[in-house]
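Derivation of every value follows stated rules applied to the coordinates shown; laboratory data play no part. Computed from a prediction, not measured in an experiment: that's the story for all the values here. Here the Cβ is made from the backbone with ideal geometry for all residues, glycine too, and neighbour counts use every protein chain on show.
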Amino acid sequence: MRCPFCNSFEDQVIDSRPMDQASVIRRRRECLECHKRYTTYERLEEMSLMVVKSDQRREPFNRQKVREGIIRACEKRPISSDAVEKIVNEVEYELQDYVMEVPSRIIGEKVLKKLWDLDLIAYIRFASVYQQFDDIDRFMDELKKLKKVAMKNGKNSLQEVMAGRKEVKSEKNT
Ligand SMILES: [Zn+2]
């Protein structure tokens, strides 16, 4: 493994343990050159899932892409890399219910559900990208509606909140 700090290939594993569903092994490594520490994750390469985008284009599921979206949403928030990795792992695990194809919307909603429990700001940021709000007014509008529904239902009932968002959307379309 190449050290992300000094690019040396000399390292040693100082800790190795399975995560969550145990299909992932987390390894803590120390660079023998600069002695900085970093983490790698080893997992089974088993998914050949196609993601169906809203315009019906298809692309292979890419966990790196999911991770990058979450990292962007979590920027400058008190959220550890482990927490981000945990979300990616959980989402990927849940996608095992899907055979061959999964709508990108489903992945977005799964990530949102987990961000909701983790950090509201990250949730809002992710929602804003994922929903692709074209202007800030519409986004603020969505936020207000979301807040109203969330207050009515209690913070943790995201399913109901999401249902509320869908209602809001379908009203707009008619
Ligand atoms: Zn190094």
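Computed quantities for the displayed model
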{"read-out": "Interchain or long-range residues, amide H under 5 Å from K36's placed H", "value": "C31"}
{"read-out": "Debye equation applied to the C-alpha atoms of segment 1-45, log10 I(q)/I(0) at 0.25, 0.27 Å⁻¹", "value": "-0.80, -0.87"}
{"read-out": "R77-M100 pseudo-label distance in nm [points 7 Å out on the Cα-to-Cβ vector]", "value": "3.5 nm"}
{"read-out": "Approximate shape of segment 1-134 as ellipsoid semi-axes (Cα gyration tensor, √5λ), whole Å, largest first", "value": "29, 18, 14"}
{"read-out": "Förster radius 22 Å - calculated FRET efficiency between V52 and L120 (Cβ-Cβ, nearest 0.05)", "value": "0.15"}
{"read-out": "Additional length obtainable on full extension of the chain from K148 to D15, 0.36 nm per residue less Cα span", "value": "43.3 nm"}
